[in-house]
Amino acid sequence: MDVYEAVTSRRAVRRFADQPVPRKTLERVLSAAAWAPSGSNLQPWHAYVATGAPLAEIKKRAGERLAAGDSWDEPEYEMYPPALKSPYRERRSAFGEQRYGALGIPREDVEARQRAASANWDCFGAPAALFCYIDRDLGRPQWSDVGMYLQTVMLLLRAEGLHSCTQMAWAKFHKTVAEVLSPPDGLILFCGMSIGFEDVTGGDARTGRAPLDETVTFVDGC
């Protein structure tokens, strides 16, 4: 797949087909993704890939917590600033309107929105998931390195005909994930990533992007 095609066809897919992802494919993707850039080649990412029974157990335990109305785990990092300023506030609001509007859920129906959000913890039906950790002693530059690694993984998945969805939502159930994966205490769960073949019967809407002149400034003397 052409690089431009991989970039422009990548999106957060929230409907996956019940079709296994071959282990060799995941190994090929993650071996190549190891070449993602990182400052001083620290390679600060720690990826755990769950399929089969372990992933089913994570989903089951998360589902049981949701059904019991358990509160989320104490956050280990701040996902968003308490008060998003413009234009980020408007972009986030527009995403919510499009996401839930496509599901026919109005803004005021909080319960329905919560039910839709709960699909996160079933990985949207995906048969594979990557849980990405980072050492809690590392700083912001290393977190950005992890972002570059995850983007590299997602683009390579597209080259294999697969789709993905990164989910900070899993950080809210980081204790549940740890019960199954048993990561060292020194790691923080940054996000999960659902991986699989898209269920094309769903027809998820794709979110737009800001125009170039809103996010890029050319300084070329012209």
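Identify, please: which residue in region 11-43 is open to solvent by less than 40 Å² (accessible area, probe 1.4 Å) and in contact with a Phe, Trp or Tyr (Cβ under 8 Å, 6 or more places away or on another chain) and is, among those, farthest from Thr201 (Cα to Cα)? Among those residues, the one meeting the criterion is Ser38.
Taking region 44-59, which residues are in contact with a helix residue (DSSP H, G or I) (Cβ under 9 Å, 6 or more places away or on another chain) and either aromatic (Phe, Trp, Tyr) or surrounded by fewer than 16 Cβ atoms within 10 Å (Cβ to Cβ) (or both)? If the condition is that a residue be in contact with a helix residue (DSSP H, G or I) (Cβ under 9 Å, 6 or more places away or on another chain) and either aromatic (Phe, Trp, Tyr) or surrounded by fewer than 16 Cβ atoms within 10 Å (Cβ to Cβ) (or both), then Trp45, Tyr48, Pro54, Glu57 are the ones that fit. Pairing each residue of region 177-189 that is farther than 19 Å from Arg65 by Cβ and modelled with pLDDT of 95 or more with any residue that is open to solvent by less than 40 Å² (accessible area, probe 1.4 Å) and assigned to a strand (DSSP E or B), provided the two are 6+ apart or on different chains, yields C-beta distances under 9 Å for Pro184/Tyr133; Leu187/Tyr133; Leu187/Ile134; Ile188/Tyr133; Ile188/Ile134. Restricting the first member to region 45-57 and to residues that are touching a residue at least 24 places away in the same chain (Cβ under 8 Å), and the second to residues that are assigned to a helix (DSSP H, G or I) and of a type in the set (Ser, Thr, Tyr), the beta-carbon pairs closer than 9 Å and six or more apart or on different chains are Trp45/Tyr149; Ala47/Tyr149.
A single member of Ser9, Ser31, Ser71, Ser40 is among the polar types (S, T, N, Q) and touching a Lys or Arg at 6+ places or on another chain (Cβ under 7 Å), and it is Ser9. When Ile105 is tested against (1) modelled with pLDDT of 90 or more; (2) of a type in the set (A, V, I, L, M, F, W, C); (3) open to solvent by less than 80 Å² (accessible area, probe 1.4 Å), just one condition goes unmet, and that condition is (1).
The values are calculated or read from the model by the stated rules, or taken from the named source; none is laboratory data. This is a predicted model, so every value here is computed, not measured. Positions of Cβ are generated from backbone atoms using ideal geometry, with glycine treated the same way; all protein chains shown enter the neighbour counts. Please note that ligands, DNA and RNA were not included when accessible areas were found on the heavy atoms of the full protein model with its side chains. Shrake-Rupley method; radii C 1.70, N 1.55, O 1.52, S 1.80 Å.
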